[in-house]
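Presented below is the structure to which this report refers.
The values are calculated or read from the model by the stated rules, or taken from the named source; none is laboratory data. Treat the numbers as computed from the prediction; the structure is a model and nothing was measured. Glycine also receives a Cβ, built like all others from the backbone with ideal geometry; neighbour counts cover every protein chain displayed.
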Protein chains: 4
Amino acid sequence: MMIVMKEGASQEQVDAIVAKVESVGATAHVSRGELMTVIGAIGDREHVANLELDGYPGVDHVTPITKPYKLASLQFRKGRHSVLDIGGRRIGGEHFMTIAGPCTVESREVMLDTARIVKESGAQLLRGGAYKPRTSPYSFQGLGGEGLRLLQEAKEETGLPIVTELMDARDLEAVAEVADVIQLGARNMQNYTLLTEVGRSGIPVLIKRGLSSTIEELMMAAEYVLKEGNESVILCERGIRTFESAYRFTLDLMAIPVLKEQTHLPVVVDPSHAAGRRDWVLPMSLAAAAAGADGIIVEVHPEPDAAICDGPQQLVAEGFPDYLRQVEAAAALAGKAVPSRV
Amino acid sequence: MMIVMKEGASQEQVDAIVAKVESVGATAHVSRGELMTVIGAIGDREHVANLELDGYPGVDHVTPITKPYKLASLQFRKGRHSVLDIGGRRIGGEHFMTIAGPCTVESREVMLDTARIVKESGAQLLRGGAYKPRTSPYSFQGLGGEGLRLLQEAKEETGLPIVTELMDARDLEAVAEVADVIQLGARNMQNYTLLTEVGRSGIPVLIKRGLSSTIEELMMAAEYVLKEGNESVILCERGIRTFESAYRFTLDLMAIPVLKEQTHLPVVVDPSHAAGRRDWVLPMSLAAAAAGADGIIVEVHPEPDAAICDGPQQLVAEGFPDYLRQVEAAAALAGKAVPSRV
Amino acid sequence: MMIVMKEGASQEQVDAIVAKVESVGATAHVSRGELMTVIGAIGDREHVANLELDGYPGVDHVTPITKPYKLASLQFRKGRHSVLDIGGRRIGGEHFMTIAGPCTVESREVMLDTARIVKESGAQLLRGGAYKPRTSPYSFQGLGGEGLRLLQEAKEETGLPIVTELMDARDLEAVAEVADVIQLGARNMQNYTLLTEVGRSGIPVLIKRGLSSTIEELMMAAEYVLKEGNESVILCERGIRTFESAYRFTLDLMAIPVLKEQTHLPVVVDPSHAAGRRDWVLPMSLAAAAAGADGIIVEVHPEPDAAICDGPQQLVAEGFPDYLRQVEAAAALAGKAVPSRV
Amino acid sequence: MMIVMKEGASQEQVDAIVAKVESVGATAHVSRGELMTVIGAIGDREHVANLELDGYPGVDHVTPITKPYKLASLQFRKGRHSVLDIGGRRIGGEHFMTIAGPCTVESREVMLDTARIVKESGAQLLRGGAYKPRTSPYSFQGLGGEGLRLLQEAKEETGLPIVTELMDARDLEAVAEVADVIQLGARNMQNYTLLTEVGRSGIPVLIKRGLSSTIEELMMAAEYVLKEGNESVILCERGIRTFESAYRFTLDLMAIPVLKEQTHLPVVVDPSHAAGRRDWVLPMSLAAAAAGADGIIVEVHPEPDAAICDGPQQLVAEGFPDYLRQVEAAAALAGKAVPSRV
């Protein structure tokens, strides 16, 4: 960490910072220039993380020179990107993965019909929400335990591994019985209780970026899981909140190359929620795959206009195989080895 | 809800929307203009909340004409702002409340020293975090149960009611033994599990606005608590995330008059986290009070430079009485009846 | 325009709005519901644009039901996208166009070397800035007239049409002598003087989206040019300002399908300025092309590390032919007919 | 400027940066740590401003350690805030200034009536727009020269100095005949042509912050004017663009203490455009004054409901004297010496 002192900072102020740095066991290197003094604080990441010097008397600003995350960093893996195995399907490195299914588990029929189409089209994982975080307490909140049961049935019938969301640590045991990947939604990206518990469970986790979270904060959320010894973390870009109101969220596709450079963890993109419109899901899926994403998580429904929630953004299941072929062609452009189909 | 159809929308598309509206028990009024057709959907708030028509074929856009919240609305209370009583101290209407204390409970001495100064200065409530949500898993996470015990001791000595944060529903019972007001942090504003549980507890709640949450979403979070029968909700503006990087967060003071117009709930402002700098806390506190806030929640520490976390933004306890007098003068300008002191 | 009145709005307030609507020659349709009243204002776009009723007594909110732009709309062209011809090269519809060149015209050698590589690689247009808008008055401001002269020489040698920026209406004549397309930079997107003058000049225009401008405002900027009778307008997405600081600007690729749905004008993407880093330019270019952009405008330099400005984001000219082939493959995925090369 | 190299950056990469730094006449100080190398570039501000090293091979990131502005800085004036004299009225230091008038000059009667009320209430300057930047080419664009004539008449009758906007450098001469302060609107904050020309004119300038401009960029805009020898610059906060849609723009009042710390220039706040609603103008004006603003620029109209533009946000002239008294009381709280009235 570099601490840049203000022009005219006094010797006492510099000394106070040095003392503060040393109090956490780090070393301070003081460079005195003509105009200003810069102090470098070198030491253990965990100690330095507890130094909060921005705003101290005489301090102009503080700039980190090491990343605040460690286990999530690409350097920690010596530059090699992780490949995760989810029930025999792989993601990361050269492996592109498509995760598809209805927004919410709403009925046995819809769940099983969708699962069959997802399976036949050649997608790798099946998604569906049993617990739904909703802005309004008056909106449908998901089928809960009954939804988990239907996911289990779909899994048994198709053999597809399941991705489903966990919202409450007290449901972890029930969710863990069905889920091959536990999804943490955007609103829970900084729910440290959930991150820690899911880290301890050892079950693969898909973490959605919070709608106002920085890319670095997304990696810090992963760090909470990794720190508990759970190495199977997938990061998901799903749109950030900006001033633009022509769509629901601004899909931040530049996050893909940035994350690829900084972390070894696989990165998937959810185009459905950001678009909010079926028409825009295909172009954004192609864009995500072409930009180098390791996968797509997308909403599909046999009859979206009858869906309980988010109907307009769900792809029509009928067209899904064609959609998938196009997305895989885009992934191939970015160097992914997509499965050959007959 | 008004559904505005695209120019050239077909009769079938209009009929499909009408059918969708009627399927949830609402009534559809179709107005056909020369260029376009507009459909009004009138019905029960809970039913209409489940209608998601944006993006349907032929639909240009959908615009709500009723607010999605009900119990939080000023209209629900017929235009009268709520006055809450917290252990004999009042907030709302003419009553201005100051909540002060250290960022985190870090030691018995700091906690008790601060409590005494807060008490003597005439502030109404004492704050202090036992559980701290931290971006980094390597940062200090709070004293937990030991922190709660110290808060209890400070309460007993000073008689000041306590505000403290809850992060995990499983800690509710322990927190409830000490807290007169349970704080839900910005990262948990949309943690529906916590909102519901705290709603059921009946204990007064202070909800901090999420850093990318709209003012309406803040009211929807309150609605989750109110729906469980807990009427004691305080809303807190603490800064939103924008492109500006000269400070930590953009304090959105216009939220005060907006909330005053739309909800009966009291509104307080936390200037410490947005500023991140002690120097900027006083001007922003004066601004918040002058804009009509019902209170301020502010961080104070006997020796901020030695604080474990957020030292630079904490006011120096010594100067707190003078700070408080100035803030109360600003509140008086906005029509608040602040307590006279001798 | 729909004017939604507040619950409890008085008859006088409704009458006042009706009178206001009629005062501009529009017609008011009043729909009285149980809870609230909605007034539809139907009339000439230009008249209704001058109605500013948001915030009037009794008005809850106002929602437009017609778009504020007309000549830029896809409907105005009956759903057909425009194809522009720039010195024999086409953009729009099936035609994908690559515009490349150095950030700024800095010397004869660099300009001519780059021009040759751009020409040989098969790109369609040559870009280069003679006038540079700079945040700092102490930064290099461009070569001005001398830069225009070098662009002219590059044009003569390669036959490539030229894209260059205009910042001051008083330079229009000089720029018009060289430019086949006049570029208006992001900072000038709402410089109505420039928009109008360039509209009158009849020269094709490339308008960059302002970094906090909505997609609709971008189309309104185009409307200023179209209104003067100049039909050759290209829109350019180049990144918007958000809270994310891992890169320079957030490239808003969802703007592409949104614009394709709403306007007939061609849309290009500038990945260089948003990325700020050469490494990220290729993935974002592929993403833009796969999302359906009509072209790319990108910075190329024979020796970027020696460039006067924005070196790190400029592609190395040597690798440009390979870059271009990949981008064209992505464009082909999105349905573009890219030129075959031997 | 500190250049932080990546872990594992090669000696060649470090040498290349050092060479680049020295090529502009600056000095490079290399500090080699265990994990990484940091290079300090020290030299002339103008030279260093042209170094653009972010994104160079081996560079992790670059962090400025000196401010990019000089003439605008508080240090340049040795910590003393400027006091400007505008036709005998002062702003800055202890002097609080209110600038009021209609949004646009729309008729002789409205202009003169407003001017009289502004004068009688004790405000210091009269504002009114003859040239209006409008998002839509179909909206009223101002009376132009006729508007200037009416401003001249109002000035002669009341003796109030005039603030009016300049949009086109070609109108400078005409505007300069009437204006005591030339206003540059938010859309023109980075119109470097205008900034330079107005700088040369020597006439006092009020620069509105662009809606996505940082506080630092606002100071850089001032630097363009100051560099031409014009020392009379007033900065204006008028709201920034964020995701919140409950009002028009987010008024960034924290900009006030930030600017007070960094620049000697006076800072005023325009609450009218951000609020978009008359009701919210008073609380935000009080907040701005309490936060330490040097003045307010506010819209007033004798009959806002009949105004040609922005009627709903304009204060009713009748209530203006009372409004002004309240704002001055808030300014007094922040230490301003407001004029005593009988």
* Matching option when the condition is within 30 Å of D:ALA307 (Cα to Cα) and among the aromatic types (Phe, Trp, Tyr), among D:TYR131, D:TYR224, D:TYR192 -> D:TYR131
* Odd one out for A:ASP279, checked against (1) touching a Lys or Arg at 6+ places or on another chain (Cβ under 8 Å); (2) free of Cβ contacts under 8 Å to residues at least 12 places away in the same chain; (3) not hydrophobic (A, V, I, L, M, F, W, C) -> (1)
* When you go through B:ALA334, B:ALA287, B:ALA317 one by one, which is the residue that is more than 17 Å from B:TYR247 (Cβ to Cβ), in contact with a Leu (Cβ under 9 Å, 6 or more places away or on another chain) and away from chain A (no Cβ under 14 Å)? -> B:ALA334
* Go through segment B:22-38 and give me each residue that's more than 14 Å from chain C (Cβ to nearest Cβ) and touching a residue at least 24 places away in the same chain (Cβ under 8 Å). => B:VAL24
* Structure fact -> Note on segment A:50-85: residues outside any loop (DSSP other than H, G, I, E, B), closer than 20 Å to A:LYS260 by Cβ and in contact with an Asp or Glu (Cβ under 7 Å, 6 or more places away or on another chain) are A:GLN75
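Give A:ASP279, A:ASP270 a once-over and let me know the one that is touching a Cys at 6+ places or on another chain (Cβ under 6 Å) and either farther than 19 Å from A:VAL118 by Cα or within 14 Å of chain C (Cβ to nearest Cβ) (or both).
A:ASP270
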* Structure fact -> Picking from B:PHE243, B:PHE249, B:PHE140, the residue that is aromatic (Phe, Trp, Tyr) and in contact (Cβ under 8 Å) with a residue 40 or more places away in the chain would be B:PHE140
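Those residues that are within 11 Å of another protein chain (Cβ to nearest Cβ) and farther than 26 Å from C:SER107 by Cα, I need them from segment C:290-309; list them, please.
Filtering segment C:290-309 for residues within 11 Å of another protein chain (Cβ to nearest Cβ) gives C:290-293, C:304-309.
If the condition is that a residue be within 11 Å of another protein chain (Cβ to nearest Cβ) and farther than 26 Å from C:SER107 by Cα, then C:ALA290, C:ALA291, C:GLY292, C:ALA293 are the ones that fit.
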* To do: Report whether or not B:LEU206 is under 26 Å from B:ALA115 (Cα atoms) and either out of contact with any His (no Cβ under 7 Å at 6 or more places or on another chain) or polar (S, T, N, Q) (or both).
  => yes
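Whether any residue in segment D:141-159 is polar (S, T, N, Q) and closer than 25 Å to D:GLU237 by Cβ is what I want to check.
Checked against the condition, which is being polar (S, T, N, Q) and closer than 25 Å to D:GLU237 by Cβ, segment D:141-159 yields no hits at all.
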* **Pick from segment B:126-137, criterion in contact with a strand residue (DSSP E or B) (Cβ under 7 Å, 6 or more places away or on another chain) and without any contact (Cβ under 8 Å) to a residue 60 or more places away in the chain, ranking: farthest from the other protein chains (Cβ to nearest Cβ)** => B:LEU126
* When only residues in segment C:229-248 that are in contact with a Leu (Cβ under 6 Å, 6 or more places away or on another chain) and more than 7 Å from every other protein chain (Cβ to nearest Cβ) count, which is surrounded by the fewest Cβ atoms within 10 Å (Cβ to Cβ)? -> C:SER232
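Which one of A:ARG187, A:ARG170, A:ARG200 is touching a residue at least 40 places away in the same chain (Cβ under 8 Å), among the charged types (D, E, K, R) and in the same structural domain as A:ALA222 (by TED's automatic domain parsing)?
Going through A:ARG187, A:ARG170, A:ARG200 in turn, the sole match is A:ARG187.
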* Asked: Mind checking which residues of segment C:2-18 are among the small types (Gly, Ala, Ser) and more than 10 Å from every other protein chain (Cβ to nearest Cβ)?
  -> C:ALA9, C:SER10
* To do: Among the residues of segment D:57-77, write down those that are over 14 Å from A:HIS61 (Cβ atoms), within 10 Å of chain A (Cβ to nearest Cβ) and not polar (S, T, N, Q).
  => D:ASP60
* Check whether at least one residue in segment B:129-148 is hydroxyl-bearing (Ser, Thr, Tyr) and touching a Gly at 6+ places or on another chain (Cβ under 9 Å), and report yes or no. => yes
* To do: Evaluate segment D:40-54: report whether one residue or more is closer than 30 Å to D:ALA331 by Cα and of a type outside the set (Val, Ile, Thr).
  => no
* Would you tally the residues in segment D:104-119 being in a helix (DSSP H, G or I) and either within 14 Å of another protein chain (Cβ to nearest Cβ) or within 29 Å of C:MET220 (Cβ to Cβ) (or both)? => 2
